[in-house]
Amino acid sequence: MSARRAEVTRTTAETDIRITLELDGTGQCDVATGVPFLDHMLDQIARHGAMDLMVRAEGDLEIDAHHTVEDVGITLGQALTQAVGDKRGIYRYGHAYCPLDESLSRAVVDLSGRPGLEYHLVFARGWIGDFDVDLLKEFFQGLVNHAAMTLHLDNLRGENAHHISESAFKAFGRALRFAVTEDPRAGGAVPSTKGSL
């Protein structure tokens, strides 16, 4: 496969975001969003997805982190769409279970060309430090919408909010890694009976 790389810049009145994504990387991560917990979660995607990821984001954090977190998800989705191209010869589907101590999460990905999110992370508390856990769904919704993927994300068990979040992001990174991997038996075909995705 040719180099599967994308650079996307997205600027609005609320945020200015630049992302570089290399699908066939080694897990290198260089992120600075101004939201430390989001940086930590993006690192999970890159490392466990074996993708190289650079993110620079400036947002209206004086209001709150909502716009920054959501718009990073949107921009990452746009970068993923560019990097994966026409999806010829990839597996298309990926799934992973990842534990972190008492927490266990499952992610199932379909690079279907249709956005769909089933998000089932339940938290006993609303904040991890100064990070609002509601923003995790906003991140994934933005990503799914702009990557045109189906994602089922479930926490199967867990108590600690940090562990639940981190196991979910690890599972997503791992599932995405498998979905974008070249299938040696596909012969370069698009993995769909429709002939396109």
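A few notes on this one:
- Hey, E62 within 28 Å of F123 (Cβ to Cβ), charged (D, E, K, R), in a loop (DSSP other than H, G, I, E, B) and modelled with pLDDT of 95 or more or not: yes
- So I90, is it in contact with a Pro (Cβ under 9 Å, 6 or more places away or on another chain) and crowded, with 20+ Cβ neighbours inside 10 Å: yes
- Among the candidates A168, A179, A161, residue that is within 11 Å of the chain's Cα centre (by Cα) and under 19 Å from Q44 (Cβ atoms): A168
- Unique match (being touching a helix residue (DSSP H, G or I) at 6+ places or on another chain (Cβ under 7 Å), surrounded by fewer than 17 Cβ atoms within 10 Å (Cβ to Cβ) and of a type in the set (K, R)) among R106, R125: R125
- Candidates in segment 150-170 are the residues that are hydrophobic (A, V, I, L, M, F, W, C) and crowded, with 17+ Cβ neighbours inside 10 Å; of these, the one that is nearest to L117 (Cα to Cα) is L151.
- Residues of segment 85-110 that are touching a strand residue (DSSP E or B) at 6+ places or on another chain (Cβ under 7 Å) and of a type in the set (A, V, I, L, M): I90, A96, L104, A107, V108, V109.
- Residue match in segment 69-90 (condition: of a type in the set (K, R) and part of a strand (DSSP E or B)): no
- A Cβ distance below 7 Å, combined with a sequence gap of six or more or placement on separate chains, defines the contacts here; from segment 185-197, residues that are in a loop (DSSP other than H, G, I, E, B) reach residues that are of a type in the set (D, E, K, R) and surrounded by 13 or more Cβ atoms within 10 Å (Cβ to Cβ) in the pairs G188/R88; A189/R88; V190/K87; V190/R88; P191/K87; P191/R92; L197/K87.
- Filter pass, F139 being on the phi < 0 side of the Ramachandran plot, touching a strand residue (DSSP E or B) at 6+ places or on another chain (Cβ under 9 Å) and either surrounded by fewer than 17 Cβ atoms within 10 Å (Cβ to Cβ) or not in a strand (DSSP E or B) (or both): no
- Residue, surrounded by the fewest Cβ atoms within 10 Å (Cβ to Cβ), within segment 46-59, restricted to residues that are in contact (Cβ under 8 Å) with a residue 40 or more places away in the chain and part of a strand (DSSP E or B): E58
- Candidates are the residues of segment 108-154 that are of a type in the set (S, T, N, Q) and more than 21 Å from A65 (Cβ to Cβ); the one that is modelled with the lowest pLDDT is S112.
- Any pair with Cβ under 9 angstrom, 6 or more apart, that starts in segment 100-128 at a residue that is touching a residue at least 12 places away in the same chain (Cβ under 8 Å) and over 16 Å from E138 (Cα atoms) and ends at one that is surrounded by fewer than 16 Cβ atoms within 10 Å (Cβ to Cβ) and polar (S, T, N, Q): S112/S192; G113/S192; G113/S196
- Hits in segment 142-184 - residues which are at positive phi and in a helix (DSSP H, G or I): none
- Index of the failed condition, A65 passing every other in (1) hydrophobic (A, V, I, L, M, F, W, C); (2) touching a residue at least 40 places away in the same chain (Cβ under 8 Å); (3) under 30 Å from A3 (Cβ atoms): (3)
The values are calculated or read from the model by the stated rules, or taken from the named source; none is laboratory data. What you see is a predicted model; the values in this text were computed from it and never measured. Note: ideal-geometry Cβ built from the backbone for every residue, glycine included; neighbour counts use all protein chains shown.
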